[in-house]
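The structure under discussion appears below in the form of structure tokens.
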Amino acid sequence: MITFTVPEEIRGFFRSRQGVAYAALFKASSEAMKTLVADERFIGGDVPGFFGVLHTWGRTLNYHPHIHYVVAGGAWSRSDNSWHPSRPGFYVPNKALSRIYRAKFRDLMRDAGMSRLIDPAVFRDGWNVNIQPVGAAEQSIRYLSHYVFKVAISDHRIVDVADGTVTFSYKKPKSRRTRYMKLDAEDFMSRFLQHSLPPGFMKVRYYGFMHPCSGVPLEKVRTSIDLLAGDLLRRHVAGRSQNDARLGPGSALDAGDAEIGDPDFTDLQDHDVGRFNVPVDNWGFLMVEVFECVSNLFCPVQYF
């Protein structure tokens with residue numbers, strides 16, 4: 001999962017011009033990823049697959065716009081018509097992604113004639129981008145579903161409304177202790193309403209081969225990944241058989257238990273797969289298996 005945030009100094013601009021700012025946030029972040037994914041030094045594919053969800057609130061209803069992307073572990077290459085997997089635990093360089101994202105957002109604001117409303121100093125500092133391997137992506141999808149279907153605060157978190165004040169519960173990140181915040185009713189309403197999206201704005205967007213109009217069918221991507229994984233697993237087991245052959249009498253090959261070209265997968269462990277850059281449990285590799293159910297979410301979505 002990759003998360004793109006914006007500096008605190010620019011959040012006032014986002015709040016006052018949400019439609020333009022949110023659209024630019026999606027465009028700058030998605031294009032930054034596509035730029036680096038196409039680089040042969042990293043993945044070398046021109047059709048990645050990912051979807052993003054806009055999230056604007058923190059645990060105390062503070063304004064904190066950012067986008068979470070769930071990204072498949074590799075990309076399709078139209079030049080050689082094949083799947084290019086990412087390296088285990090690595091997608092693209094974090095610092096480079098942050099710089100490209102920042103530059104693209106700056107250019108979009110300049111093209112929209114809004115550069116004068118933003119302090120130029122904000123583009124000289126780093127913009128936080130978090131890249132985190134999340135396995136087969138089910139956990140990430142479960143996490144993001146709260147932002148898709150729910151509003152900034154659930155009713156059960158509001159513990160008291162009295163004397164013109166509202167008290168609600170929250171937890172700090174990485175803490176299980178429940179804390180409470182008490183706000184004036186107007187302040188509470190102001191915090192809550194700032195997370196209302198502009199009319200018609202789509203907060204869930206799909207890109208690359210996850211786009212329904214993509215020129216690369218999802219089934220073609222899945223088949224290519226299966227073929228690549230099977231080929232690498234066969235090489236691995238064939239290599240084991242060759243090692244047994246070198247052991248001489250008493251080896252598995254000598255006993256007729258295995259032959260090169262007819263591999264036995266019964267003793268293959270999960271960690272063996274990762275050794276050969278088959279990211280079965282890295283970088284949302286299995287996103288192609290769960291994409292159909294995600295794309296059927298009962299929420300506004302938009303494709304790019």
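Just a few scattered comments:
- Looking across region 119-130, the residues that are of a type outside the set (A, V, I, L, M) and not in a helix (DSSP H, G or I) come down to 119, 124, 125, 126, 127, 128, 130.
- Test: residue in region 140-152 that is over 15 Å from residue 29 (Cβ atoms), small (Gly, Ala, Ser) and not in a loop (DSSP other than H, G, I, E, B): yes
- Within the option set 25, 61, being over 30 Å from residue 219 (Cβ atoms), in the same structural domain as residue 211 (by TED's automatic domain parsing) and touching a Lys or Arg at 6+ places or on another chain (Cβ under 8 Å) holds for one residue only, 61.
Conditions tested, residue by residue: (1) within 18 Å of the chain's Cα centre (by Cα); (2) surrounded by fewer than 15 Cβ atoms within 10 Å (Cβ to Cβ); (3) farther than 30 Å from residue 229 by Cα.
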| site | (1), (2), (3) |
| --- | --- |
| 81 | no, yes, no |
| 90 | yes, no, no |
| 119 | no, yes, yes |
| 142 | yes, yes, no |
| 165 | no, yes, yes |
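- Test: residue in region 73-93 that is within 25 Å of residue 171 (Cα to Cα) and in the same structural domain as residue 213 (by TED's automatic domain parsing): no
- Residue check: residue 182 meets all listed conditions (1) charged (D, E, K, R); (2) out of contact with any Ser or Thr (no Cβ under 9 Å at 6 or more places or on another chain); (3) touching a residue at least 12 places away in the same chain (Cβ under 8 Å) but one, namely (2).
- Filter result for the condition that a residue is modelled with pLDDT of 95 or more and over 24 Å from residue 21 (Cα atoms), over 88, 93: 93
- Here the helices (runs of 4 or more DSSP H) wholly within region 168-280 that include at least 2 residues being closer than 25 Å to residue 49 by Cα, among the small types (Gly, Ala, Ser) and modelled with pLDDT of 60 or more are 218-246.
- Only residues that are under 16 Å from the mean Cα position of the chain (by Cα) and farther than 24 Å from residue 142 by Cα were counted across region 1-35, and they come to 6.
The values are calculated or read from the model by the stated rules, or taken from the named source; none is laboratory data. On a predicted model such as this, the values are computed, not experimentally measured, just so you know. Cβ coordinates were reconstructed from backbone atoms using ideal geometry, including for glycine residues, and neighbour counts include every protein chain displayed.
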